[in-house]
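Input: a single structure, listed below in structure tokens.
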Amino acid sequence: MVEILWLGDPKSFDAKLVGGKAANLSRLARMYQHVPDGFCLPVTVMGQGHPLELQDEITRAISDLIACHRLPDFVAAVRSSAVDEDGEIASFAGQHDSFLNIVGAQEIQRAVVRCWDSAYSQRALDYRRQQGLSIERVQLAVLVQQLIAADVSLVVFSVNPITGNRDEVMINASWGLGESLVGGTVTPDTFVMQKSSLAVTNQSIANKGHMTVSVPGGTHEVDVPRFLRLEACLATEQLIEVTQLALSLEMIMGFPVDIECAYAQGDLYLLQCRPITTLKR
């Protein structure tokens, strides 16, 4: 029997079972309502080789999510979550594969298998060697969440990662889904916020030429409409809301955080929370 663990279930707080990414999000899902709902296939499922059983369990989980949230269909983000990922030493940012805008149990299952395969990509193995981590037996869970159709995607640091200033929050933001932002194919807007006053102390509004959008079966990078290219992605009240979220998460987690989040139809969603691994101790 393939075991599926739901976000927010105390069983999925264990990073040794669901990986760092899913464990962090699962804990936060209990206290912060705007973590997209979903489930995790723990490391114990990886490589078991029961495709039909896996598809049946995914089908049941999708049906539950559709009924719970009254969705016309479940559109998924399928993301890797390694046991040693999103820790204080190694973040694995961008090393394992993620798949967005996936619909249907069969397609989600295929994306799950591709996430497992990415654990043994040359890129991921080289990163493991650089970090002094084992390459013999990689343990990787897979997180399946409702895809947020982001109007704006953000990467936020609760400490300024460039200067090391712990009194500042840095926000990077771009239009559309987050792939262009985290993949480095677009220069984002950058805002530096003072923690004490929640005031903008520095900002740079970029010429944002590209954005990632959903297309059937995945995503595609397109040109940003001309009237939006030099428009700031975030209003002042949104900058304050994001800064307050970063401060709250820093307090909850007990360390400076690197978070990914998104605005969709005016609502702020938390997509990832991990330690900042580049800060000097």
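The values are calculated or read from the model by the stated rules, or taken from the named source; none is laboratory data. Computed from a prediction, not measured in an experiment: that's the story for all the values here. With ideal geometry, Cβ positions are generated from the backbone for all residues, glycine too; neighbour counts draw on all protein chains shown. Accessible surface areas use protein heavy atoms only, side chains included; no ligands, DNA or RNA. Shrake-Rupley method; radii C 1.70, N 1.55, O 1.52, S 1.80 Å.
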Next item on the list: Tell me, please, whether a residue that is in a loop (DSSP other than H, G, I, E, B), touching a Leu at 6+ places or on another chain (Cβ under 6 Å) and open to solvent by less than 40 Å² (accessible area, probe 1.4 Å) can be found in segment 172-192.
Entry: yes
Item checked: Candidate set: segment 250-265, residues that are closer than 17 Å to residue 146 by Cβ and small (Gly, Ala, Ser); chosen: the one surrounded by the most Cβ atoms within 10 Å (Cβ to Cβ) -> 262
Next item on the list: Quickly run through segment 215-239 and pick out the residues that are without any contact (Cβ under 8 Å) to a residue 60 or more places away in the chain, surrounded by 12 or more Cβ atoms within 10 Å (Cβ to Cβ) and assigned to a strand (DSSP E or B).
Entry: 220, 221, 222
Margin query: One residue is enough: does segment 205-213 have a residue meeting the conditions touching a Cys at 6+ places or on another chain (Cβ under 9 Å), in a strand (DSSP E or B) and under 15 Å from residue 171 (Cα atoms)?
Written below: no
Next item on the list: For segment 45-58, enumerate the residues that are touching a strand residue (DSSP E or B) at 6+ places or on another chain (Cβ under 8 Å) and in a loop (DSSP other than H, G, I, E, B).
Entry: 46
Check: So which residues in segment 138-173 are under 15 Å from the mean Cα position of the chain (by Cα) and closer than 20 Å to residue 246 by Cα?
Finding: 148, 150, 152, 153, 154, 155, 156, 157, 172, 173
Next item on the list: Of all residues in segment 117-134, count the ones that are out of contact with any His (no Cβ under 7 Å at 6 or more places or on another chain), among the aliphatic types (A, V, I, L, M) and open to solvent by less than 30 Å² (accessible area, probe 1.4 Å).
Entry: 1
Check: What number goes with the only condition from (1) open to solvent by 40 Å² or more (accessible area, probe 1.4 Å); (2) among the small types (Gly, Ala, Ser); (3) in a helix (DSSP H, G or I) that residue 197 does not pass?
Finding: (3)
Item checked: Qualifying position, being among the charged types (D, E, K, R), open to solvent by 30 Å² or more (accessible area, probe 1.4 Å) and outside any loop (DSSP other than H, G, I, E, B), among 114, 137 -> 114
Notebook entry, point to check: For segment 4-44, what are the residues that are open to solvent by less than 10 Å² (accessible area, probe 1.4 Å), part of a helix (DSSP H, G or I) and either hydroxyl-bearing (Ser, Thr, Tyr) or under 23 Å from residue 120 (Cβ atoms) (or both)?
Noted result: 12, 18, 19, 20, 22, 23, 26
